[in-house]
Amino acid sequence: MRLISIFGASNSGKTTFIKAAAKELGPKLGVVSVGAEMSKRYPPEHFNGMAAMPDTEDVVWEIFDEQYVAAVSSGARVILVDGQPRMVEQIHHMLANYPRPEVWWLNALPETQALRAGRRPDHELRTARIDNDRVQLFDVIHRLVATGIPLRAIDTEEPEWLCHTLSFLKQEIKR
């Protein structure tokens, strides 16, 4: 079983990739989506445009654990984590509690992220998060590299990025 965190700033393509992977891979794939569950539990104003709040960390890991166990129990061969880790402290938690996590970093130019955000109903919140995400995730990327967690960079500006990334994931599952 592989645990792959799909990581990146808002509007970089994380959810697009995870939805496409779920459609392609079906029951071979499990998904941990802390952000979607947090959105159900807290109103958007709670986060003030930030993607990760220290005062919600206990809830984040409760949700993560519940969804991880459900994915393992379902027999998933690969578990994709939507958007974690978002803070340096989360890296340590992942390393201590989950087997051999790896991270795929989806990245797009700020202009592209703003364009993508503008197409969504909650575009004001998403646009506000772009700059905050870039600052916050900069430290996380450096810490990931320093800890030796495998980090794969994916440029979502490339026209065929989604097809290439799905093909790569399918090949990895076959191994």
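All of the numbers you see were taken from the coordinates with simple rules; none came from a lab. Since this is a predicted model, take the numbers as computed values, not measurements. Please note: Cβ atoms are built from the backbone with ideal geometry, for glycine as well, and neighbour counts cover all protein chains shown.
Using the Karplus relation 6.51 cos²θ - 1.76 cosθ + 1.60 with θ = phi - 60°, the per-residue 3J(HN,Hα) values for the range 8-24 come to x, 5, 3, 6, 9, x, 4, 5, 4, 5, 5, 5, 5, 5, 4, 5, 6 Hz, with x marking Gly and Pro. In the chain, helices alone account for a calculated mean residue ellipticity at 222 nm of -17500 deg cm²/dmol, with every DSSP H run of four or more residues adding -39,500 (n - 2.57).
Suppose R0 equals 41 Å. What FRET efficiency, 1/(1 + (r/R0)^6) with r the Cβ-Cβ distance, do residue 146 and residue 40 give to the nearest 0.05? Could you put the intermediate results ahead of the total?
Details: r = 34 Å, r/R0 = 0.83.
About 0.75, to the nearest 0.05.
Computed from point charges on the beta carbon alone (+1 for Lys and Arg, -1 for Asp and Glu), the dipole magnitude for the chain about its Cα centre is near 740 Debye.
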